[in-house]
1. Looking only at residues in the range 143-168 that are at pLDDT 95 or above and small (Gly, Ala, Ser), which one is farthest from the ligand (Cβ to nearest atom)?
2. Taking the stated definitions as given, is Arg123 over 21 Å from the mean Cα position of the chain (by Cα) and farther than 30 Å from Phe269 by Cα?
3. Which of the residues spanning the range 238-289 are out of contact with any helix residue (DSSP H, G or I) (no Cβ under 8 Å at 6 or more places or on another chain), within 26 Å of Ile3 (Cα to Cα) and surrounded by fewer than 23 Cβ atoms within 10 Å (Cβ to Cβ)?
Amino acid sequence: MGIALIVHGGAGEIETVQAHRRGVEIAAQIGWDVLRDGASALDAVQAAIIAMEDDPAFDAGFGSFLNRDGIVEMDASIMDGRGLDVGAVAGVTRVKNPIALARRILESEHTFLIARGAEEFARERGIALVENETLRAPEQIAKWKEWLAHPPRAPGGGTVGCIAVDRDGNIAAGTSTGGMKFKRAGRVGDSPLVGCGTFADNLLGGASTTGWGEAITRVVLAKFAVDALANHRDPNAAAQIAIEHLANRVGGTGGIILANRDGQIGFAFNTPRMALAFVNEQSRSIIAEC
Ligand code: GLY
């Protein structure tokens, strides 16, 4: 058993390859430093995801795709594999780091808060609310103007996620997104849904997904993949089986990262590209791909 961490920065037709590769590499380094300092898997996941939410290369936090109304509307979830505690948030427009809010929800009596109620909860817990304008990256405003004339055909990629295994063998997973390009206001995908976008159970492992949210939701992909770890000790094999199930059962496209309780990591995707970075006690240096 050893500490391990894997992050993803979305799967799809990634246009800014260098920015995605650099962004996942930085996020993995930040999460790895937290883990190496002896902090919990949950802390490492939160730190790595905040780094990607703050990076405009990704469809999460600042830099999220705008919805049809030109608004950033975000979803996130985080899960602690020790006691299956979960925190999730959907449809928030005034929170800089939705994963930090999801973490506060995990620590509360609730599991899932949405929209205005989630923002009220954030304010009560000392998380500052920001103007939506401050989350709208100039590149995304320009794309939104194009989409008003020519709506996008592909849902887009750039959702972010992370799984960490800490020194005590605890596993945590998290996912954060601005959702699909030019989405209808109020549309929620897989990312905040436990078992669809995120799942972690110390008994088996953890997963975070990315891609076409409606298809991923239908097959409850993150839970499907973690369950597959029971029969396939190699997380790469379990991830591949999960992506084949997504494609064969509902014609879905996307990617998944997985870690098992031994700190072995794996991933699979059926899109042109997936941005990811990983490190464990065997490799010790960050391996980033896109
Ligand atoms: N996979 C992110 C979404 O569909 O919202």
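The values are calculated or read from the model by the stated rules, or taken from the named source; none is laboratory data. A quick note: this is a predicted structure, and the numbers were derived from the prediction, not measured. Using ideal geometry, Cβ is built from the backbone for each residue, glycine included, and neighbour counts are taken over all protein chains shown.
1. The qualifying residue farthest from the ligand (Cβ to nearest atom) is Ala164.
2. yes
3. Scanning the range 238-289 gives Gln240, Arg261, Asp262, Gly263, Asn280, Glu281, Gln282, Ser283, Arg284, Ser285, Ile287.
A quick yes/no check of all residues on (1) part of a helix (DSSP H, G or I); (2) β-branched (Val, Ile, Thr); (3) in contact (Cβ under 8 Å) with a residue 12 or more places away in the chain; (4) under 19 Å from Pro192 (Cα atoms):
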position: Ala19; (1), (2), (3), (4): yes, no, yes, no
position: Ile26; (1), (2), (3), (4): yes, yes, yes, no
position: Gln29; (1), (2), (3), (4): yes, no, yes, no
position: Val34; (1), (2), (3), (4): yes, yes, yes, no
position: Gly38; (1), (2), (3), (4): no, no, yes, no
position: Asp43; (1), (2), (3), (4): yes, no, no, yes
position: Ile49; (1), (2), (3), (4): yes, yes, yes, yes
position: Asp55; (1), (2), (3), (4): no, no, yes, no
